[in-house]
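A.B. asks: Dumping the structure here so I can ask a few things about it.
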Amino acid sequence: MCGIVGYIGDRQALPILIDGLKKLEYRGYDSAGVAVHNGMNININKAKGRLTVLEQRINRDELTGTLGIGHTRWATHGEPSDINSHPHTNQSGDIAVVHNGIIENYMKLKSWLQREGYAFASETDTEVVAHMINYYYNGDLVEAIRNTLDRIDGSYALGVIAKQHPDCMVVARKDSPLVIGLGDGENYIASDVPAILKYTRKVYFLDDKEIALLYRDKVEIINQYGEKVEKEVFEVTWDVEAAEKGGYQHFMLKEIHEEPKALRDTLIPRIADDRIELGDISVTKEQLEKAGKIVIVACGTAYHAGVVGKYVIEKLARIPVDVEIASEFRYKDPLINENNIIIIISQSGETADTLAALRMCKKAGARIIAITNVVGSTVSREADHVLYTWAGPEIAVASTKAYTTQLLCLYMMALDFADKMGRIPEEEYRQMLEEMKRLPELTQKILDSKQMMQKCADETFNANSIFYIGRGLDYAAAMEGSLKLKEISYIHSEAYAAGELKHGTIALIEEGTPVVALATQRNLFEKTLNNIKEVKARGAFVIAVAVEGDTDIEREVDRVIYIPNTYNMFTPVLMAIPLQLYAYYVAVAKGCDVDKPRNLAKSVTVE
């Protein structure tokens, strides 16, 4: 996820661009850049690092002009660097582009452009756009952009300026947000309203596949066919803090609603010709056979993703997997050798205990695969292979979209390993891949029917303790659900393997105790149902999570939250959504600071 700003008017553009980028730095924080048209040429300055690095580097005398675009980057293609920073240009520097999103077919387009004689300076997917606009340009900038967009697959919010057009900026969007701010003799663009709220409260929200032409005194909007579009002006009434959240009450809620897109962005670019393509994770069949075992090392939420990973890798690839809490693993003198494969999971890529475990395993000669959300992080630099979760920045401390995209990365890895080992029939491989592609759509379906989660929260937010139970993958999901609840609501909560209830923990159940029972595993459904009956007999208030169609459970519980039907092993992704929402609504009902829970930090960089 990246931040875009733009300005055209009579004032100097640079101060407005920098001010807007400061409001958007949460969207992208590993590099920043600006391009300003001085009436004759486009001048660009960009830098790796926080926005302050760019501010210190800028020569304001060289960046004069009343037309400009700016960008804060959160890297997906190419490591953070000056060269990979936006804006990107064509070879002559006559066309400058800023972009938020992912061009899924950029490699194919890049190869074509290289055959046409175009040279690339960066590793990004965005540079393809600049060269393609140049390829199609014959004096009509809008037509060149329309032809370019016809060949692009993926998501984009684009801002484009050209040397030959000093009085116009062109923008377009698909699946990535873009706002147009309307001023008096000046107009603005931004990824989010807060970037321009200081200057105007009148905006257009651009819809998918729309293109806008911004002049000083007017804005023209057309659709993909070149037909004029009439837009209603929206008057922003939010305060700045609310606007940064896109109208959501909290960042956590916003990020939960971003999960369908995060899943899509993580998965789709890694599918080619109906196969999983994991980029530089070049683990061979021979290396998998020699590995002996795979060890997943992580902390907190990432550890819970690892527990799911153990189930699916062992089930599909039939390779033994250990899951270790990094802070414990470091001090147990683990049996690691040069053949072992270690999967390190860290949202930030800077988790201290996880980093120490990585270094210890690397010293033993093991092969390290990292799953992380931050390009250029220490984990990504020190691992042998990296699989990025393209979830975009998480602002809320409690992890939501990073967790579900970690699960997706582990599913892709498990399917790839099973394929390499010859342990999954081709038909089953294709069916599972097709079902994996449906996960973004299915998560959106859950988000569209969240009323039951709110109702359950309203009925239980005053509880002293809330317990979670489940079997198999449901137990793994229960651990993460319980952690979310205790993190943000401060209610005591524990997750238990449902079959263990009779071994002591059922003594904790008394009249009115809320129990969240996960019952999505078809092969264990009847056994879980028996465990639900046991806690109900002791007076528990049971909230069940089940798969659509399993209506028999309604007779045994107080409330049911249904998730769409999918493969058994994919249910943890879908279960995450209602469990996150339930925790969120409980915390809101209690009046807790949802985004910044007490005593917790987003990235744990100390032991």
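A.B. asks: Using a 10 Å cut-off on Cβ atoms, rank the peptides 272-278, 521-527 from the highest mean neighbour count down.
C.D. replies: Top of the packing list down: 521-527, 272-278.
A.B. asks: What dipole magnitude, in Debye to the nearest 20, does region 1-97 give about its Cα centre under +1 on Lys/Arg Cβ and -1 on Asp/Glu Cβ? Show your work: numbers first, answer last.
C.D. replies: Working: 10 positive and 10 negative charges, 50 e Å.
Roughly 240 debye for region 1-97.
A.B. asks: For region 354-428, what is the Kirkwood estimate of the hydrodynamic radius, computed as the reciprocal of the mean inverse distance between distinct Cα atoms, to one decimal in Å? Mind showing how you got there, number by number?
C.D. replies: Details: mean 1/r = 0.0714 Å⁻¹.
Computed over Cα pairs of region 354-428, the Kirkwood hydrodynamic radius comes out at 14.0 Å.
A.B. asks: I would also like to ask the following. Only helical DSSP H runs with n ≥ 4 go in: add -39500 (n - 2.57) per run for the chain, normalise by residue count and round the 222 nm mean residue ellipticity to 500 deg cm²/dmol.
C.D. replies: Working: 19 runs with 219 residues, N = 607.
The helix contribution divided over the chain gives -11000 deg cm²/dmol.
A.B. asks: Beta carbons within 10 angstrom, averaged per residue: use that to sort the peptides 69-77, 529-537, highest first.
C.D. replies: Values: 69-77: 27.0, 529-537: 17.6.
Per-residue mean Cβ counts within 10 Å order the peptides as 69-77, 529-537.
A.B. asks: Quote the relative contact order of the chain in percent (integer), defining contacts as alpha-carbon pairs under 8 Å separated by 6+ residues.
C.D. replies: The normalised contact order for the chain reaches 11 percent.
A.B. asks: List the aspartates and glutamates whose Cα sits under 16 Å from the Cα of Lys48, skipping any in the same chain fewer than 8 residues away.
C.D. replies: List returned: Glu25, Asp30, Glu79, Asp82, Glu123.
A.B. asks: When DSSP beta bridges are limited to those with both residues in region 108-248, what percentage is antiparallel, rounded to the nearest 5?
C.D. replies: The answer is about 95 percent antiparallel.
A.B. asks: Sticking with the crude label model, points 7 Å out along Cα→Cβ, report the distance from Glu314 to Asn337 in nm, one decimal please.
C.D. replies: Modelled inter-label distance: 2.1 nm.
A.B. asks: Considering only protein heavy atoms and a probe of 1.4 Å, how much of the accessible area of region 142-267 is carbon and sulfur, as a whole percent?
C.D. replies: The nonpolar share, carbon plus sulfur, comes to 43 percent.
A.B. asks: Find which of Leu263, Leu288, Gln224 sits farthest along the positive direction of the dipole of region 217-290, computed with +1 on the beta-carbon of Lys and Arg, -1 on that of Asp and Glu, about the Cα centre.
C.D. replies: Leu288
A.B. asks: Under a cut-off of 21 Å between alpha-carbon atoms, report the lysines in cross-link reach of Lys332, not counting same-chain residues fewer than 8 places apart.
C.D. replies: Cα-Cα hits under 21 Å: Lys293, Lys310, Lys362, Lys363.
A.B. asks: At what distance in nm do the modelled label points of Val233 and Val53 sit from each other, each positioned 7 Å from its Cα along Cα→Cβ?
C.D. replies: 4.1 nm
A.B. asks: Can you work out the base-10 log of I(q)/I(0) for region 117-208 at q = 0.11 1/Å, using the Debye formula on its C-alpha atoms alone?
C.D. replies: The computed values of log10 I(q)/I(0) come out as -0.36.
A.B. asks: Still on this model: Using Cα-Cα distances under 8 Å and only pairs 6 or more residues apart, what relative contact order does region 172-226 have, in percent?
C.D. replies: On the way: 96 pairs, mean separation 20.3, N = 55.
37 percent.
A.B. asks: Same structure, new question: Restricting to lysine pairs 8 or more places apart or on different chains, what number in region 420-464 have Cα atoms under 25 Å apart?
C.D. replies: Lysine pairs meeting the criterion: 4.
A.B. asks: Carbon and sulfur: what percent of region 72-126's accessible surface (1.4 Å probe)?
C.D. replies: C and S fraction of accessible area: 44 percent.
A.B. asks: Continuing with this model, one more query. Could you work out how far the C-alpha centroid of region 23-102 sits from that of region 478-525, in angstrom?
C.D. replies: 49 Å
A.B. asks: If I take the Cα coordinates of the chain and project them onto the principal axes, what are the three extents in Å, biggest first?
C.D. replies: 79, 55, 45
A.B. asks: Quick one: of the DSSP bridges fully inside the chain, what percent are antiparallel, nearest 5? Could you put the intermediate results ahead of the total?
C.D. replies: On the way: 60 of 100 bridges.
Counting DSSP beta bridges with both partners in the chain, the antiparallel share is about 60 percent.
A.B. asks: Further question: Give me the aspartates and glutamates in straight-line cross-link reach of Lys527: C-alpha distance below 16 Å, same-chain residues under 8 apart excluded.
C.D. replies: Output for Lys527: Asp474, Glu500, Asp550, Asp552, Glu554, Glu556.
A.B. asks: Can you tell me how much longer the chain between Asn530 and Met40 gets when fully stretched, taken as 0.36 nm per residue apart minus their C-alpha distance, in nm with one decimal?
C.D. replies: Contour length minus Cα-Cα distance gives 168.7 nm.
A.B. asks: Right, next: Summarise the long-distance tail of P(r) for region 58-105 by giving the % of C-alpha pairs beyond 14 Å.
C.D. replies: Here the long-distance tail beyond 14 Å is 62 percent of all Cα pairs in region 58-105.
A.B. asks: In nm, to one decimal, how far is the Arg60 label point from the Ser465 one, both placed 7 Å along Cα→Cβ?
C.D. replies: 6.2 nm
A.B. asks: At q = 0.23, 0.33 Å⁻¹, work out log10 I(q)/I(0) for region 345-385 with the Debye formula, treating every Cα as an identical point scatterer and leaving solvent out; two decimals please.
C.D. replies: -0.63, -1.21
A.B. asks: If you don't mind, there's one more thing I want to ask. Leaving out ligands and nucleic acids, note down the accessible area per residue over the chain with a 1.4 angstrom probe, in whole Å².
C.D. replies: That works out to 38 Å² per residue.
The values are calculated or read from the model by the stated rules, or taken from the named source; none is laboratory data. None of the values given here were measured: they were computed from a predicted structure. Glycine gets a Cβ as well: all are built from the backbone with ideal geometry, and neighbour counts include every protein chain shown. The accessibility values were calculated without ligands, DNA or RNA, using every heavy atom of the protein model including side chains. Shrake-Rupley method; radii C 1.70, N 1.55, O 1.52, S 1.80 Å.
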